[in-house]
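Quick notes on the structure that follows.
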Amino acid sequence: MRWEVRSWQGSVAKREAVRLALEGDVHVAQAARDLDVCETSLHRWIKQHKIDHGQNEAGEVTSAEREEIRQLRAKVRRLEMERAILKKATAFFARRHPGLCGAV
């Protein structure tokens with residue numbers, strides 16, 4: 001069975017490759033050759049599949065956790081940028097209107 005290189009970028013194709021490798025009666029190396037995919041990639045997909053299905057070792061993150069971490073890091077970057085903008089705006093207005101800052 002030959003797959004196009006682009007087809008491996010889809011999670012459906014990866015899941016199918018993992019299923020074939022795990023359920024088949026051939027070694028992972030042979031399954032990788034049969035599917036025309038790098039053996040290292042197939043091992044990595046199998047490892048991630050096991051992690052995602054509760055067979056993970058301590059310290060390993062699932063795909064869902066990895067996605068959440070990615071989203072949280074993006075949110076932190078955005079909030080840090082907003083904070084920097086607000087800090088600069090505060091300094092700008094403080095210089096233009098020195099009597100307003102700190103006056104009660």
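Where does the range 19-104 land on Rg(C-alpha)/(2.2 N^0.38 Å)? Intermediate values should be presented prior to the final figure.
Values: Rg = 25.7 Å, N = 86, 2.2 N^0.38 = 12.0 Å.
Expressed relative to 2.2 N^0.38 Å, the Cα Rg reads 2.15.
For V18, the shell of other residues with beta-carbons less than 12 Å away shows a net charge of +3, using +1 for Lys and Arg and -1 for Asp and Glu. Each other residue within a Cβ distance under 12 Å of A84 adds +1 if Lys or Arg and -1 if Asp or Glu, for a net charge of +3. Near K47, which lysines are there with a Cα under 23 Å away, not counting those fewer than 8 places off in the same chain? In chain and number order, the partners are K14. When the GluC sites (Glu not before Pro) in the range 19-78 are filtered for DSSP coil states and for at most 16 other beta-carbon atoms within 10 Å of their beta-carbon, the remaining sites are E57, E60. Bridgeable lysines around K87 (alpha carbons under 21 Å apart, same-chain partners fewer than 8 residues away excluded): K75.
Bear in mind these aren't lab numbers, they're just calculated from the coordinates by the rules spelled out. Quick caveat: nothing in here was measured; it's all calculated off a predicted structure. Backbone-built Cβ (ideal geometry, glycine too); neighbour counts: all protein chains shown.
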